[in-house]
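The values are calculated or read from the model by the stated rules, or taken from the named source; none is laboratory data. Owing to the predicted nature of the structure, the values given are computational and were not obtained by experimental measurement. Here the Cβ positions follow ideal geometry from the backbone for every residue, glycine too, while neighbour counts run over all protein chains shown. Areas reflect the complete protein model, heavy atoms only, side chains present, ligands, DNA and RNA absent. Shrake-Rupley method; radii C 1.70, N 1.55, O 1.52, S 1.80 Å.
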Amino acid sequence: METPNSENFRDSIGTITKEGKRAWVFPKKPSGKFYKYRKWVSYFLLAFLLLAPFIKVNGNQFLMFNILERRFNIFGFPFWPQDFHLFVISMIIGVVFVALFTVAFGRIFCGWICPQTIFMEMVFRRIEYWIEGDRGKQIRLAKQAWNAEKIRKKGLKLLVFLFISFIIANVFLAYLIGSDTLIAYITEGPLSHISTLISLLIFTAVFYFVFAWFREQVCIIACPYGRLQGVLLDTKSIVVAYDHKRGEAEKGRKKFRKNEDRAALGHGDCIDCFQCVNVCPTGIDIRNGTQLECVNCTACIDECDHIMESINLPKGLIRYASEEQIEKNVPFRLTARMKGYIAVLAILVGLLTGMLFLRNDVEANILRLPGQLYEHKDNNIISNVFTYKLVNKTSKDIENVSFKLMSHKGELKLVATSDNFVVPNQGIAKGTLFVEINNSALTGDRNKIKIGVYSGDKLIETTTANFLGPRSYK
């Protein structure tokens, strides 16, 4: 056992043996106040994760990340390639928020909100407890020779894990290609969409690998957030911490003996029962201090509180606390760094809110046809040819769409269509148009013209374009 002053434990990862092999973690089934709260939070988030792709807001999927078509929906707001700056700001807000939360409360996101932890601890691990039993039974089963019981339990777990991984893969695909598309593919039959079926099977295999074998290694090895923790945390950050001053006292921890006055003997309240280690899903000893592997899941808090209660000692030997609180017994307060993050977050949220309010439902782009000069017509009329593209960001068709020249007196004629047309919902309308202006209204060879886009009599968007005319020698 390492003492709190020893740093040798930081030289290796708790899930790797000295020989470099995988040290499989068999955590004890957690229970207690925090675990109960985590279950409710997890059930809510699981329902959200599973249902979000199938919820519609104003006809838009609640969450969608269609990378191939470059279409994203965030909380029902559709983001097109033209709105990429809004999407980037949204992502920056997310990063700043996570950074702020980490500075203030450590890796609480990992233990309470992260999908990896929620699926691992609240779905796959609980199924494992149901099939194989608690920690002791799982260890015995792992050491047991392959017989009918082991084959039955391992086989059942394999099938259940594969089924759940398949469900998660379908939901994940709904986020990527859209729930309507996914349902249509299922209805039409998987064999009609082989490429999608192959993608689905690959996702299923990846999720099975992660939750059945890789497990806590995702948090320790693969996830960059654990490394980010080391940069963001300081002595004032609230984390799951062991109160070494109370637990060690003058002469260190000691096994519990009934009717023994531990305080008089100079021993701390920690009875060295190892229950905080046994219950840890990443296999660490929280008594060694804040560690890369700790995801702040609070399982050790619940277990330690139960032990303290059973031996009539105060709870809270392991608790949410900062290093400064344990050392100096001072209350939590906002630091200058936290205030800085809050200020940046407030500015970004305000900026995004303003941009969303100013964002139009229709994006209009009108460009002069490349390589084409103006045409001189009768009655001193100058004509230019343009291409237009209208993007409808809403879930409703925009009908009776027309263009009007707002900056100059002249005519605007559409090519190969009527003067009015429809822009389909979440679709694009393209075409060609001619703009004709009397030369007397032009001021040189380059003129900025303003064109209005109307739906019936309602102006829905304005845009500008460059209009070429004869060079003026005045």
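Within segment 396-409, residues that are closer than 19 Å to residue 449 by Cβ reach partners that are modelled with pLDDT under 85 and not in a strand (DSSP E or B) with beta carbons closer than 7 Å, at six or more positions or on different chains, in the pairs 401/420; 402/419; 402/420.
Results for (1) open to solvent by less than 60 Å² (accessible area, probe 1.4 Å); (2) at pLDDT below 90, shown as yes or no for each residue.
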{"position": "336", "(1), (2)": "no, no"}
{"position": "344", "(1), (2)": "no, no"}
{"position": "351", "(1), (2)": "no, no"}
{"position": "358", "(1), (2)": "no, yes"}
{"position": "361", "(1), (2)": "no, yes"}
{"position": "390", "(1), (2)": "yes, no"}
{"position": "394", "(1), (2)": "yes, yes"}
{"position": "399", "(1), (2)": "no, yes"}
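Residues in segment 334-357 that are touching a helix residue (DSSP H, G or I) at 6+ places or on another chain (Cβ under 7 Å) and of a type in the set (S, T, N, Q): none.
Hey, any hits in segment 317-325 for a residue that's in a loop (DSSP other than H, G, I, E, B) and among the aliphatic types (A, V, I, L, M)? Outline the logic, then answer.
Step one: list which residues in segment 317-325 are in a loop (DSSP other than H, G, I, E, B), which gives 317, 322.
Narrowing the set further to residues that are among the aliphatic types (A, V, I, L, M) leaves 317.
Yes; the residues of segment 317-325 include at least one that is in a loop (DSSP other than H, G, I, E, B) and among the aliphatic types (A, V, I, L, M).
Applying the set (1) basic (Lys, Arg); (2) over 27 Å from residue 134 (Cα atoms); (3) at pLDDT 90 or above to residue 251 leaves exactly one unmet item: (3).
Among the listed residues 469, 410, identify the single one that is open to solvent by less than 20 Å² (accessible area, probe 1.4 Å) and not polar (S, T, N, Q).
The match here is 469.
Could you check how many residues of segment 363-378 are surrounded by 11 or more Cβ atoms within 10 Å (Cβ to Cβ), farther than 19 Å from residue 455 by Cα and charged (D, E, K, R)? Going through segment 363-378 one residue at a time, the tally reaches 3.
Of these, 272, 305, which one is open to solvent by 20 Å² or more (accessible area, probe 1.4 Å) and not in a loop (DSSP other than H, G, I, E, B)? Full working, then the answer.
Details: 272 fails: not in a loop (DSSP other than H, G, I, E, B).
It is 305.
For segment 355-376, check the following and say yes or no: at least one residue is over 30 Å from residue 297 (Cα atoms), in contact (Cβ under 8 Å) with a residue 40 or more places away in the chain and part of a helix (DSSP H, G or I).
Yes, some residue in segment 355-376 is over 30 Å from residue 297 (Cα atoms), in contact (Cβ under 8 Å) with a residue 40 or more places away in the chain and part of a helix (DSSP H, G or I).
Residues in segment 200-222 that are out of contact with any helix residue (DSSP H, G or I) (no Cβ under 7 Å at 6 or more places or on another chain) and either farther than 29 Å from residue 316 by Cβ or of a type in the set (S, T, N, Q) (or both): 201, 202, 205, 206, 209, 213, 214, 217, 221, 222.
Yes/no matrix, rows are residues, columns are (1) among the polar types (S, T, N, Q); (2) touching a Lys or Arg at 6+ places or on another chain (Cβ under 9 Å); (3) part of a helix (DSSP H, G or I); (4) surrounded by 14 or more Cβ atoms within 10 Å (Cβ to Cβ):
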site: 13; (1), (2), (3), (4): no, no, no, yes
site: 44; (1), (2), (3), (4): no, no, yes, no
site: 50; (1), (2), (3), (4): no, no, yes, yes
site: 91; (1), (2), (3), (4): no, no, yes, no
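For segment 224-237, filtering for residues that are open to solvent by 20 Å² or more (accessible area, probe 1.4 Å), touching a residue at least 12 places away in the same chain (Cβ under 8 Å) and of a type in the set (A, V, I, L, M) leaves 2. Selection of segment 180-226 for residues being at pLDDT below 90 and in contact with a Leu (Cβ under 6 Å, 6 or more places away or on another chain) yields 190, 226. Taking first residues from segment 421-444 that are aromatic (Phe, Trp, Tyr) and partners that are open to solvent by 10 Å² or more (accessible area, probe 1.4 Å) and modelled with pLDDT under 90, the Cβ contacts under 6 Å between residues at least 6 apart in sequence or on separate chains come to 434/413.
Every condition in (1) surrounded by fewer than 17 Cβ atoms within 10 Å (Cβ to Cβ); (2) of a type outside the set (Val, Ile, Thr); (3) in contact (Cβ under 8 Å) with a residue 24 or more places away in the chain is met by residue 458 except one, and the failing one is (3). Flag not set for residue 292, criterion: without any contact (Cβ under 8 Å) to a residue 60 or more places away in the chain and either surrounded by fewer than 22 Cβ atoms within 10 Å (Cβ to Cβ) or among the aliphatic types (A, V, I, L, M) (or both). Among residues of segment 25-38 being among the charged types (D, E, K, R) and closer than 18 Å to residue 320 by Cβ, the one that is surrounded by the most Cβ atoms within 10 Å (Cβ to Cβ) is 38.
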